[in-house]
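The values are calculated or read from the model by the stated rules, or taken from the named source; none is laboratory data. All values reported here derive from a predicted model rather than from experimental measurement. For neighbour counting, all protein chains shown are included, and Cβ atoms are generated from backbone atoms with ideal geometry for every residue, glycine included. Protein only, heavy atoms only, side chains kept; ligands, DNA and RNA dropped before computing areas. Shrake-Rupley method; radii C 1.70, N 1.55, O 1.52, S 1.80 Å.
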Amino acid sequence: MRVCILGSNLTSLTLAKALVNQNINVEIFTNKKKQTIDSSRTIGITKSNIEYFNKNIVKIDKIIWQLHKIEIFSEKLKQEKLLNFENNNEQLFSIVSNYKLYNILEKSLIKNKYFKKNYKKILLSNIKNYDLVINLEFSNFISKKFFSKKIVKRYNSIAYTGILRHKKIENKVARQFFTKIGPLAFLPISENETSIVYSINHSNEFKKATLVDLINHYNSIYKIERITKISSFELSSLNLRSYYYKNILAFGDLLHKIHPLAGQGFNMTIRDIKILLEIIKSKKNLGLPLNVSVNREFQRITKHKNFIFSKAIDSIYEFFNFEGKLKSNTLVNSLKHLGHNQFINKIFKKIADSGFA
């Protein structure tokens, strides 16, 4: 069985490692001989997805930083806690550096006999040589020809990311502030490092130097020593209308992309990998070929779940965006009381951890 993956990024390496672990031959095609990974970017991974990663992909316990609590604040409530999620002082969520995760995946693949990397473009005529072709690239000819129909939402916002270096603390609590100009997240990655992500609307005049003042305004925990290089990227969400064309399957951000405020983007992809692997293993066990039926079944199982989950994240963004424009505190106070309900709180945590399983 042969699988071809188009594009080399964190998702493609994760998927490739999951596949070679099933003794499936995988070839990655990329025209980038040296992949640049932003050292200021981090991703959040839920507890259930960490467990799946360790068991089915590669062990990453040594590079993750476990969080025991997530606190959410609204500027309107004067730093009063709006929502609080915790798991009896145990792992609730984990943060990992994109750079560290990419390296551990790449090292685990390089010497694997089932893995090969090609630094060239694949031709349409070569696709028939593979049982499945999994496409993660936005701009190649396959995406333009077969995966151009999508539902796109542009948030007219930019996300700024960086790493705070600070004095050592226990640092097991993530904090997110919904400010007047956008959400600001403090995401611990070690005792003396914390990732920051600030999403700011284009309509607000903003310079990167101002970010330091904003961080200091909302920070009451860290004794900051310095801030690493700040990076930025445009924010948008999308859902692809069709997940596949014949034996070609779209995957990763090409399939669905969401606002980063809830840290769920990569978690959606890990859940997709889990489902795809279950379909493939079932086919293998029955002695059936890997072909378009894999893609058809994958779309049937995941498309509606991914769409609903994407819309749920978008609704959270729109709620706080709308709430920030109101003069009253009615909405945010209602959410605070709702979040204090143990049953509702438990549902929120379950969905955040496992999605709509």
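Cα axis of helix 330-339 to longest principal axis of the chain: angle in degrees, 0 to 90, nearest 10? The helix 330-339 is inclined about 60 degrees to the chain.
Counted by Cβ distance under 12 Å from F307, the other residues give a net charge of +4, where Lys and Arg count +1 and Asp and Glu count -1. Once the Cα atoms are used to define both axes, helix 342-354 deviates from the longest principal axis of the chain by about 40 degrees. Of the solvent-accessible surface of the chain, computed with a 1.4 Å probe and all protein chains present, 51% belongs to carbon and sulfur. Other residues with beta-carbon under 11 Å from the beta-carbon of F115 carry, at +1 per Lys or Arg and -1 per Asp or Glu, a net charge of +3.
Given a 1.4 angstrom probe, what's the average accessible area per residue across region 178-293, in square angstrom? Please report the intermediate quantities before stating the final value.
Values: 5170 Å² over 116 residues.
For region 178-293, the per-residue accessible area is 45 Å².
In this Cβ point-charge picture (+1 for Lys and Arg, -1 for Asp and Glu), the chain has a dipole of about 1100 debye about its Cα centre. Computed from backbone phi with θ = phi - 60° and the Karplus coefficients 6.51, -1.76 and 1.60, the 3J(HN,Hα) list for region 38-46 is 5, 6, 8, 8, 10, 10, x, 10, 6 Hz; x is used for glycine and proline.
With axes computed from alpha carbons, what is the tilt in degrees of helix 10-20 against the longest principal axis of the chain, rounded to the nearest 10 within 0 to 90? That works out to roughly 40 degrees.
Our note on the geometry: Cα centres of region 1-38 and region 129-202, 21 Å apart. In the chain, helical runs assigned H by DSSP with n ≥ 4 each contribute -39500 (n - 2.57); averaged across all residues and rounded to the nearest 500, the mean residue ellipticity at 222 nm is -11500 deg cm²/dmol. Distant-in-sequence amide contacts of I189, defined by a placed amide H-H separation under 5 Å and a gap of 5 or more residues or a different chain, comprise T194, S195.
Using the Cβ-Cβ distance between H217 and R241 with R0 set to 45 Å, the FRET efficiency works out to roughly 0.60.
If you take the beta carbon distance between I308 and D38 as r and set R0 to 35 Å, what does 1/(1 + (r/R0)^6) give as a FRET efficiency, to the nearest 0.05?
Numbers: r = 30 Å, r/R0 = 0.86.
After rounding, the FRET efficiency stands at 0.70.
What does the charge count near V26 come to, summing +1 for each Lys or Arg and -1 for each Asp or Glu among other residues with Cβ under 9 Å from its Cβ?
Taking every Cβ under 9 Å from that of V26, the sum is +2.
Calculate, for region 7-103, the solvent-accessible area per residue in square angstrom, rolling a 1.4 angstrom probe over the heavy atoms of the protein chains. Before the final figure, lay out each step's value.
On the way: 4360 Å² over 97 residues.
Dividing the accessible area of region 7-103 by its residue count gives 45 Å².
Starting from the Cα of N87, move 7 Å in the Cα-to-Cβ direction to define the label point; list residues of region 37-56 whose amide nitrogen is under 18 Å from there. Residues 43-56 fall inside that zone. Take the Cα of S125, step 7 Å toward its Cβ, do the same at R300, and the gap between the two points is 3.6 nm. Normalised by the number of residues in the chain, the mean separation of alpha-carbon contacts (under 8 Å, six or more apart) gives a relative contact order of 20 percent. List, in the order given, every pair from K150/K281; K149/K305; K246/K281; K120/K274; K116/K257 whose Cα-Cα distance in the structure shown is over 26 Å. With Cα atoms farther than 26 Å apart: K150/K281; K120/K274; K116/K257.
Report the calculated FRET efficiency for Q342 and F319 (r = Cβ-Cβ distance, R0 = 25 Å), to the nearest 0.05. It comes out at approximately 0.70. Backbone phi angles across region 90-104, fed through the Karplus curve with coefficients 6.51, -1.76 and 1.60 (θ = phi - 60°), yield HN-Hα couplings of 10, 4, 10, 7, 9, 10, 9, 6, 3, 4, 5, 5, 4, 5, 5 Hz in residue order; Gly and Pro are listed as x.
Put a dot 7 Å past the Cα of N201, heading toward its Cβ, do the same for K69, and the two dots end up 3.2 nm apart. In order along region 117-128, the phi-based Karplus estimate (6.51 cos²θ - 1.76 cosθ + 1.60, θ = phi - 60°) of 3J(HN,Hα) comes to 10, 10, 9, 7, 7, 7, 8, 4, 5, 7, 4, 5 Hz; Gly and Pro are listed as x. Extending 7 Å from Cα along the Cβ direction at K229 and again at Q22 yields two label points whose distance is 3.8 nm.
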